[in-house]
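A short write-up of the structure that comes next.
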Amino acid sequence: MAPADLSLHDRFGAIHRRRLLIISVMVLALFLSLGLDLAAGPAGLDIGDIVGGILDPQSLALRHRIILWEVRLPDALIALAVGAALGLAGIETQTILDNPLASPFTLGVSSAAVLGASLAIVLVPVLPFLPETAILPVMALLFALGSGTLILLIVRWSGGARETVVLFGIALVFLCNALTAGLQYLASAEAVQQIVFWTIGNLTRAGWLEVGLVTACFVVILPFSLRQVWIMTLLRGGEAHARSMGINVARLRIWVILRISILAAFAVCFVGAIGFIGLVGPHIARLLLGEDHRLLVPGSAICGALILSLASFLSKALVPGVIIPVGILTAVVGVPVFLGLLAGRRKAI
Amino acid sequence: MPHVMRALFVTGLALMASLPVRAGTIEITDLAGRQVRIETPVERLVISEGRYIPLLAMLRPYDPVGSLVGMMTPLGWTQPNLEQQLFASFPEAKNIPLFGGRSEDSVSVEKIIDLAPQLAIFGLNDHGPGAKNAEMIDQLTAAGTQIIFIDFRADPLNNTLPSIEILGRVLGAEDRAGDYIAFYQSRLETIRQRVADVDVRPTVFLQAHPGRFECCWGMAEGMLGPFVGEAGGLNIADAVAPGPTAQHTAEFLLTENPDVWIGTASGTVKEYRDGTLPVALGAGMTAEMAADSLARYLAAPEFAALDAVRSDRAHSIWHNFYNSPFNIVALEAFATWIHPDLFADLHPEKTMQYIYDTWLPFDLHGVHSATVHHGAR
């Protein structure tokens, strides 16, 4: 039956079913990637050991138990949580700013996090009620949330004009980068190295607490995003159009930017500034799923999680026994997928 | 050494120093392979890192900072305690101008030229200007400053003694340099001879900056890495690391389960007292504190499960040995840890004390190696 023979309703149904199928395939791919990530590493653990060890930790010898529960599982799960959070924050940023080049990092969130982390590394502040190991992520989080607050103030002050928001965000990025460079100039060689490592982004520094916090953040914020998928879809038709439909865009922008700031701040504060996912995850999802935010919002989160999970697998598998920081690999994984999809779309046209 | 003895010793050396030094020209091939002609005596000298001051002090204990007209970083950056001793005995050391911050790109060539040194002593790859910095080399040479490169860091096994020999010639202290080199060589030879007969090489993981850097940066071909093989061990990072250092997962450690674990401790007594994580050694640290600091770090589950930790074969070594003429102490420590039976007669802490007593005008403070003991915490 040729598509021309179908009614508009049926054709829409067919497209929607196909997109649901695509999203199911993406979920399946995500599970496969998680399995791959869990199976990778120098210890000779096969799939049976891993599944058995997850169901019954006592079935494994001490060192294998620690490898599975303290090394592999937290690293693999934080990849999913951070990837999903950045993917979700990415799609919301691009839509709310109506800018395909925007990502959560455009708003200065990650640069501020790097500045906070650098301050923690160089000045080694002692904060009350906090163990030493928590100071770095807490400083990164506070600075990231601080930059989010600044952006929100600017949004309010400017009446929500999106160019102002983007320009202010970029200015904030440059300011934070300059201050970080200034700190590096003063810091010891070891501290400079630490800052560089932190900036690249690395999943191995995450434990169960970090997995729990980032996951909780994502789970709490996702329903708010899902509640506004219709409005966000409408916004894709243009700001003036959305306004004419009675939507208070300025108010919407405040809520969305609040969500983005919190998501991105939690995503980067533990693992470092893992770029690129918040930018390209949403684009890959858009190429696969179209503009309907009912599917695009969860799809973008899945894409983000998938890219980071695959990058996590590669970071362990490329040079066995050695870790290549995952921040180096996200673009290496994401760009070929992205270019492939772009090329495919060109052919289709 | 008691202080009166030291005073006599220093006075004696000062008398010797007041004898006229023969003037002339010496030819040196430095550690970058460059041929350099130097007019002696060298009366104006700059160094890149303040941590070369102990080396100057070894060669000229009566006047460690004499003719030193500038440096990039002060000694206090890496050894604040030693700097205090230096200031107490040689107050003029407080006024040595600095010509940079903490890295090569922070160096002001103009400032160096303004200091008008005859000679600049830089490290092959320390934190200061490197041998590849052609522009700075040209500028300084044109301004009449000769440059020689020494090295205790990139290839300490091969470059330590040539570096000391060069400095001995430059400073007119060939005898003292020769004495130290003979001492170093005899200690090195002892280890080499015994290791030559070793059948089984225990596996070792050498971790840089435990507690300061995240888990687990290993030293392979670089810095202290080759000391593991020299001391009769098998460095497990060698087989996998693509460069001199690399980051390994905790899983790599748990899977390889090395016989011996060694961390290079860069923590300070202040960090230890604050309860922070970097494993600490050096001035102010007692043997008990050092063992406790190490145990604190190794209490994490991924380390506690290692056989090396469970069998008390986990150790810390003072990180500064990685760029120090006294690195023979680290080699002895590695040897006693990797082959405890073979090297039961070596006492690295005593060797360090001997070096200080014999060659340096300073007192040794703190311990420079430690071993985890079960029940220490």
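The values are calculated or read from the model by the stated rules, or taken from the named source; none is laboratory data. This structure is a prediction, so every number in the text was calculated from the model and none was measured. With ideal geometry, Cβ positions are generated from the backbone for all residues, glycine too; neighbour counts draw on all protein chains shown.
What do you reckon, is B:Ala295 surrounded by 24 or more Cβ atoms within 10 Å (Cβ to Cβ), part of a helix (DSSP H, G or I), of a type in the set (A, V, I, L, M, F, W, C) and out of contact with any Phe, Trp or Tyr (no Cβ under 6 Å at 6 or more places or on another chain)?
Values: surrounded by 24 or more Cβ atoms within 10 Å (Cβ to Cβ): no; part of a helix (DSSP H, G or I): yes; of a type in the set (A, V, I, L, M, F, W, C): yes; out of contact with any Phe, Trp or Tyr (no Cβ under 6 Å at 6 or more places or on another chain): yes.
For B:Ala295, the condition - surrounded by 24 or more Cβ atoms within 10 Å (Cβ to Cβ), part of a helix (DSSP H, G or I), of a type in the set (A, V, I, L, M, F, W, C) and out of contact with any Phe, Trp or Tyr (no Cβ under 6 Å at 6 or more places or on another chain) - is not met.
When you look at A:Ala61, is it small (Gly, Ala, Ser) and surrounded by 24 or more Cβ atoms within 10 Å (Cβ to Cβ), yes or no? Spell out how you get there, then give the answer.
Working: small (Gly, Ala, Ser): yes; surrounded by 24 or more Cβ atoms within 10 Å (Cβ to Cβ): no.
Considered against the rule, which asks whether it is small (Gly, Ala, Ser) and surrounded by 24 or more Cβ atoms within 10 Å (Cβ to Cβ), A:Ala61 comes out as no.
Across region B:333-352, what is the number of residues that are outside any helix (DSSP H, G or I) and closer than 16 Å to B:Val372 by Cα? Spell out the reasoning first.
Here is the first cut: in region B:333-352, the residues outside any helix (DSSP H, G or I) are B:339-347.
Adding the requirement that they be closer than 16 Å to B:Val372 by Cα leaves B:340.
Result for region B:333-352: 1.
Considering only region A:158-183, how many residues are surrounded by fewer than 17 Cβ atoms within 10 Å (Cβ to Cβ) and within 14 Å of chain B (Cβ to nearest Cβ)?
Of the residues in region A:158-183, 2 are surrounded by fewer than 17 Cβ atoms within 10 Å (Cβ to Cβ) and within 14 Å of chain B (Cβ to nearest Cβ).
Which residues, counting only those in region A:281-324, are buried (at least 21 other Cβ atoms within 10 Å of the Cβ) and within 14 Å of chain B (Cβ to nearest Cβ)?
Passing the criteria: A:Ser312, A:Phe313, A:Ser315, A:Lys316, A:Gly321, A:Val322, A:Ile323.
Does A:Ala102 meet the test of being assigned to a loop (DSSP other than H, G, I, E, B), at negative phi and surrounded by 16 or more Cβ atoms within 10 Å (Cβ to Cβ)? Break it down stepwise before answering.
Numbers: assigned to a loop (DSSP other than H, G, I, E, B): yes; at negative phi: yes; surrounded by 16 or more Cβ atoms within 10 Å (Cβ to Cβ): yes.
When the stated conditions are applied, A:Ala102 passes them.
When residues of region B:245-287 are filtered for being surrounded by 20 or more Cβ atoms within 10 Å (Cβ to Cβ) and at positive phi, how many remain?
Qualifying residue count for the region: 1.
Tell me, yes or no, whether region B:218-232 has at least one residue that is out of contact with any strand residue (DSSP E or B) (no Cβ under 9 Å at 6 or more places or on another chain) and away from every other protein chain (no Cβ under 14 Å).
yes
Name the single residue, out of those in region A:325-335 being assigned to a helix (DSSP H, G or I) and within 14 Å of another protein chain (Cβ to nearest Cβ), that is nearest to B:Phe252 (Cα to Cα). Please lay out each step first, then the result.
If we filter region A:325-335 for residues that are assigned to a helix (DSSP H, G or I), which is where we start, we get A:326-335.
In the following step, the residues that additionally are within 14 Å of another protein chain (Cβ to nearest Cβ) were identified as A:326-329.
Working: A:Val326: 17, A:Gly327: 20, A:Ile328: 20, A:Leu329: 20 Å.
Across region A:325-335, the extreme among qualifying residues is A:Val326.
Against the condition over 15 Å from A:Ala305 (Cβ atoms) and out of contact with any Ser or Thr (no Cβ under 6 Å at 6 or more places or on another chain), how does A:Leu32 come out, does it pass? Break it down stepwise before answering.
Working: over 15 Å from A:Ala305 (Cβ atoms): no; out of contact with any Ser or Thr (no Cβ under 6 Å at 6 or more places or on another chain): yes.
Judged against the criteria, A:Leu32 is not a match.
Does any residue in region A:39-63 that is away from every other protein chain (no Cβ under 13 Å) and outside any loop (DSSP other than H, G, I, E, B) come within less than 6 Å, Cβ to Cβ, of a residue that is surrounded by fewer than 14 Cβ atoms within 10 Å (Cβ to Cβ) and among the small types (Gly, Ala, Ser) six or more places away or on a different chain, and which pairs are these?
A:Gly52/A:Ser59
For region B:192-226, give me each residue that is modelled with pLDDT of 90 or more, crowded, with 23+ Cβ neighbours inside 10 Å and within 15 Å of B:Ala330 (Cβ to Cβ).
Residues satisfying the conditions are B:Val204, B:Leu206, B:Gln207, B:Ala208, B:Met219, B:Leu224, B:Gly225.
List the helices (runs of 4 or more DSSP H) inside region A:171-275, counting only whole elements, that have at least 1 residues being under 30 Å from A:Gly321 (Cβ atoms) and free of Cβ contacts under 8 Å to residues at least 60 places away in the same chain.
On the way: elements: A:189-200, A:208-227, A:229-235, A:239-244, A:249-271.
Once the helices (runs of 4 or more DSSP H) in region A:171-275 are filtered for at least 1 residues that are under 30 Å from A:Gly321 (Cβ atoms) and free of Cβ contacts under 8 Å to residues at least 60 places away in the same chain, what remains is A:189-200, A:208-227.
Out of curiosity, is B:Thr276 part of a loop (DSSP other than H, G, I, E, B), within 13 Å of chain A (Cβ to nearest Cβ) and touching a residue at least 12 places away in the same chain (Cβ under 8 Å)? Working first, answer last.
Values: part of a loop (DSSP other than H, G, I, E, B): yes; within 13 Å of chain A (Cβ to nearest Cβ): yes; touching a residue at least 12 places away in the same chain (Cβ under 8 Å): yes.
Criteria met by B:Thr276.
Please give the number of the condition A:Leu153 fails out of (1) at pLDDT 85 or above; (2) within 14 Å of chain B (Cβ to nearest Cβ).
It is condition (2) that A:Leu153 fails.
Specify the residue that is surrounded by the fewest Cβ atoms within 10 Å (Cβ to Cβ); the eligible residues are those in region B:50-66 that are free of Cβ contacts under 8 Å to residues at least 60 places away in the same chain and more than 21 Å from B:Leu281 (Cβ to Cβ). Before you say what the answer is, go through the steps one by one.
Looking only at region B:50-66, we keep the residues that are free of Cβ contacts under 8 Å to residues at least 60 places away in the same chain, and these are B:50, B:53, B:63, B:65-66.
Filter once more, so that each one left must be more than 21 Å from B:Leu281 (Cβ to Cβ): B:63, B:65-66.
Details: B:Asp63: 17, B:Val65: 22, B:Gly66: 15.
Applying the filter and picking the extreme gives B:Gly66.
Do we have any residue at all in region A:331-342 that's crowded, with 21+ Cβ neighbours inside 10 Å and touching a helix residue (DSSP H, G or I) at 6+ places or on another chain (Cβ under 7 Å)?
yes
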